[in-house]
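Notes follow once the structure below has been shown.
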Amino acid sequence: MPFDPLLPPVSIAQEDAVAGLGARGAGSLLRDRAFVLALMLLTSIGLIVLGVLLVTTGIDGIPQINLDFITNFPSAFPERAGIQSAIWGTLWLMGVVAVVIVPLGVATALYLEEYADRTKWWNRAIEVNIQNLAAVPSIVYGILGLAYIVRGPLSLGRTVLAGGLTLSLVVLPVVIITAREAIRAVPPSIKEGALALGATHWQAIWRQILPSSIPGIATGVILSLSRAIGETAPLILVGAATFVAFNPTGLDSPFTALPLQIFSWVSQPNSDFQAKAAAAIVVLLFILILLNAVAIWLRSRFQRRW
Amino acid sequence: MKYQWLAAPIAAGVLAFGVTACGSSDNGSTSGTGGGNLSGAVAVDGSSTVFPFAQAAAEGLQGQNPDVKVTVGESGTGGGFEKFCAGETDISNASRPIDAEKEVPTCEKNGVQYAEVLVANDGIAIVTNKDLAIACLSTDQLKALWNSKSTVKDYAELGKQPDGTAVPAGKVSLYGPGTDSGTFDFFTDKINGEKGDTRKDYQPSEDDNILVQGVSGDKTGLGYFGFSYYESNADKLNLVAVDGGSGCVKPSVATIQDGSYKPLSRPLFMYVNTKSLAEKPQVKGFIDYVAANSADIAKIAKIVPLTDAQLQTSKDELAKAEGA
């Protein structure tokens with residue numbers, strides 16, 4: 001409870017009662033320690049499982065990784081199979097996703113934070129919908145992508161653009177939510193100061209709020225990208241092929257991606273392909289760690305405290 | 001290439017993320033070999049059983065014709081026909097003939113005409129854990145075990161094996177493909193007498209490796225899946241012979257090819273869109289390559305090749321479709 005000179009002094013027992021605690025006895029310290037121990041135990045279970053998975057995958061996969069593996073195309077011969085087309089497919093998808101989610105996500109977040117009138121029902125409906133959409137399983141977006149992007153009104157076919165747009169749908173709600181949080185974290189006094197000095201609402205946003213919230217937005221975008229490149233289910237539903245021995249040549253080109261290649265190799269009968277899958281998993285993990293490291297660096301480098 | 005103008009900014013954006021250590025974007029290792037002059041896209045999708053075969057064929061053709069871009073998907077026989085009959089793919093891989101009631105009308109409605117080309121053979125292997133020594137089961141016993149009304153809880157309830165020895169006791173614990181699989185359709189049709197009829201209390205998986213792991217790790221496990229998956233894991237599993245009315249026959253390349261492994265051997269197909277065949281030389285090139293090299297491709301894909309007579313049927317069917 002914060003100290004407030006206007007309130008009468010209270011005893012510790014009263015404070016505890018206010019905070020919903022019983023009397024502090026000799027046993028509560030022991031219980032406290034036991035609780036911490038239980039938490040550590042539960043945390044370690046997750047970490048151990050993760051560690052075992054990483055180590056077994058690493059043991060199978062790392063010996064397979066060499067320049068040939070990175071530069072070869074998929075093959076029916078496990079010793080010749082590589083992931084060049086999968087890596088380029090994944091990069092193309094990331095490019096499409098980034099180009100789509102940054103403007104859409106930031107614009108939506110700005111609208112909701114700065115312009116939307118919350119007394120209007122449609123603005124509240126948009127807000128609730130975005131929060132719900134963030135929790136929708138990615139496979140549902142895959143069905144949506146198949147019905148409306150691959151076929152239906154957009155009819156893009158099984159192309160890089162269709163795959164990228166579908167993945168953008170998967171991560172867009174999360175980008176909007178993180179961008180809103182970043183915008184909200186800018187102290188209102190900065191905007192109010194700008195407005196007081198005669199800036200228009202647009203100038204206050206463009207010159208003050210957006211530059212201040214960029215680290216937060218960029219972190220959200222990068223984390224969303226790393227989620228997007230790990231997604232398999234929507235791409236399978238969209239119908240991306242698993243054997244593609246050439247790199248994408250444009251947005252209308254067929255593609256494969258790392259998670260799809262892993263999915264395909266894991267289900268091959270020949271156990272040599274399982275090792276290739278492990279190696280591809282290691283590469284995918286490496287890319288993910290790299291992306292997350294960039295996100296952490298951005299946050300710590302540019303974050304400002306007010 | 002109507003979106004080509006977007007390619008440069010996107011590629012630049014991608015590179016800006018610092019993940020550049022992945023080689024160059026040229027078409028690399030497949031270029032420069034062979035003297036073929038075909039080019040263009042060939043879209044193949046369908047059965048995951050035929051996938052390794054189609055992949056090997058695509059790789060072979062692209063080795064000769066670097067400008068041909070074959071994509072092979074594995075969305076299952078049913079999923080493949082769905083796309084094929086919507087006109088979205090050129091070739092559909094199938095581990096069963098096209099369904100006359102459901103799939104043929106869709107194809108007809110969309111004006112998709114096709115040729116059916118036999119490309120290889122496949123058999124379903126019945127396997128048990130090494131600790132569950134079942135040598136042979138009759139199709140009736142398999143039906144008693146697997147049909148939807150089955151209440152068999154212990155293998156001993158199946159009585160005697162066709163050779164007269166008792167089926168060893170053990171708690172029934174079953175593994176098989178999920179309902180999307182062509183292997184599932186084939187097994188339930190041939191053994192239980194109706195496609196889709198199966199007992200529900202078994203471990204299903206679309207991934208045959210998971211079935212192999214399941215059966216080999218379960219002391220009373222019994223399962224069924226494609227013969228090629230058995231061959232790759234023969235040391236971990238006990239193979240059960242099947243008595244289809246004329247004695248116990250174990251599945252092998254020879255018994256699957258000549259059809260004596262009854263009733264669980266089957267042909268594998270590629271369905272070719274005849275419009276693609278006529279209008280896209282690369283599609284004709286692909287299927288001709290398959291017909292000309294089917295034995296080599298089958299060897300690479302670890303799948304049972306065609307007999308000479310079967311191959312002739314395929315070539316005749318193709319010649320007819322190409323002439324039409």
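Structure summary
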{"item": "Count of region A:246-290 residues which are at the interface with another protein chain (Cβ under 9 Å from one of its Cβ atoms), more than 21 Å from the chain's Cα centre (by Cα), among the hydrophobic types (A, V, I, L, M, F, W, C) and closer than 21 Å to A:Gly163 by Cα", "result": "3"}
{"item": "Residue within region A:133-148 that is touching a helix residue (DSSP H, G or I) at 6+ places or on another chain (Cβ under 9 Å), crowded, with 22+ Cβ neighbours inside 10 Å and over 29 Å from A:Ala277 (Cα atoms) present", "result": "no"}
{"item": "Residue under evaluation B:Ala133, criteria (1) in a loop (DSSP other than H, G, I, E, B); (2) surrounded by 17 or more Cβ atoms within 10 Å (Cβ to Cβ), criterion not met", "result": "(2)"}
{"item": "Counted residues, region B:52-78 - those being at the interface with another protein chain (Cβ under 8 Å from one of its Cβ atoms), surrounded by fewer than 24 Cβ atoms within 10 Å (Cβ to Cβ) and assigned to a helix (DSSP H, G or I)", "result": "1"}
{"item": "Filter result (facing chain B (nearest Cβ under 10 Å) and over 19 Å from A:Thr232 (Cβ atoms)) within region A:51-81", "result": "A:Leu67, A:Asp68, A:Ile70, A:Thr71, A:Asn72, A:Phe73, A:Ser75, A:Ala76, A:Phe77, A:Arg80"}
{"item": "Candidates A:Phe243, A:Phe255, filtered to the one that is crowded, with 24+ Cβ neighbours inside 10 Å and within 17 Å of A:Val99 (Cβ to Cβ)", "result": "A:Phe255"}
{"item": "Checking B:Glu108 against (1) at pLDDT 90 or above; (2) farther than 18 Å from A:Ser75 by Cα; (3) touching a helix residue (DSSP H, G or I) at 6+ places or on another chain (Cβ under 6 Å), the condition it does not meet", "result": "(3)"}
{"item": "Hits in region B:36-50 - residues which are crowded, with 24+ Cβ neighbours inside 10 Å and at the interface with chain A (Cβ under 9 Å from one of its Cβ atoms)", "result": "B:Ala43, B:Val44, B:Asp45, B:Ser48"}
{"item": "Residue match in region A:84-94 (condition: assigned to a helix (DSSP H, G or I), free of Cβ contacts under 8 Å to residues at least 60 places away in the same chain, facing another protein chain (nearest Cβ under 9 Å) and surrounded by 17 or more Cβ atoms within 10 Å (Cβ to Cβ))", "result": "yes"}
{"item": "Boolean, B:Ala301 is more than 30 Å from B:Lys130 (Cβ to Cβ) and in contact with a helix residue (DSSP H, G or I) (Cβ under 9 Å, 6 or more places away or on another chain)", "result": "no"}
{"item": "The lone exception for A:Ala228 - which of (1) within 13 Å of chain B (Cβ to nearest Cβ); (2) under 19 Å from A:Ala86 (Cβ atoms); (3) surrounded by fewer than 22 Cβ atoms within 10 Å (Cβ to Cβ) it fails", "result": "(3)"}
{"item": "Qualifying residue in region A:236-245 (condition: of a type in the set (A, V, I, L, M), more than 9 Å from chain B (Cβ to nearest Cβ) and without any contact (Cβ under 8 Å) to a residue 24 or more places away in the chain)", "result": "no"}
{"item": "Pairs, first closer than 16 Å to A:Ser224 by Cβ in region A:268-297, second of a type in the set (S, T, N, Q) and assigned to a helix (DSSP H, G or I), C-beta under 7 Å, six or more apart", "result": "A:Leu288/A:Ser226; A:Leu291/A:Ser226; A:Asn292/A:Ser226; A:Ala295/A:Thr219"}
{"item": "Pairs, first surrounded by fewer than 24 Cβ atoms within 10 Å (Cβ to Cβ) in region B:81-105, second among the polar types (S, T, N, Q), C-beta under 7 Å, six or more apart", "result": "B:Lys83/B:Thr89; B:Ala86/B:Asn110; B:Gly87/B:Asn110; B:Arg96/B:Thr77"}
{"item": "Residue within region A:191-210 that is within 18 Å of B:Val72 (Cβ to Cβ) and buried (at least 17 other Cβ atoms within 10 Å of the Cβ) present", "result": "no"}
{"item": "Single condition B:Gly176 does not satisfy, out of (1) at pLDDT 90 or above; (2) surrounded by fewer than 22 Cβ atoms within 10 Å (Cβ to Cβ)", "result": "(2)"}
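Conditions (1) surrounded by 17 or more Cβ atoms within 10 Å (Cβ to Cβ); (2) without any contact (Cβ under 8 Å) to a residue 24 or more places away in the chain; (3) assigned by TED's automatic domain parsing to the domain that holds B:Ser232; (4) not in a helix (DSSP H, G or I), marked per residue:
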residue: B:Val112; (1), (2), (3), (4): yes, no, no, yes
residue: B:Ala115; (1), (2), (3), (4): yes, no, no, yes
residue: B:Ala144; (1), (2), (3), (4): yes, yes, yes, no
residue: B:Ser150; (1), (2), (3), (4): yes, no, yes, yes
residue: B:Ala156; (1), (2), (3), (4): no, yes, yes, no
residue: B:Pro168; (1), (2), (3), (4): yes, no, yes, yes
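The values are calculated or read from the model by the stated rules, or taken from the named source; none is laboratory data. Given the structure is predicted, the values throughout are model-derived calculations rather than measurements. Glycine gets a Cβ as well: all are built from the backbone with ideal geometry, and neighbour counts include every protein chain shown.
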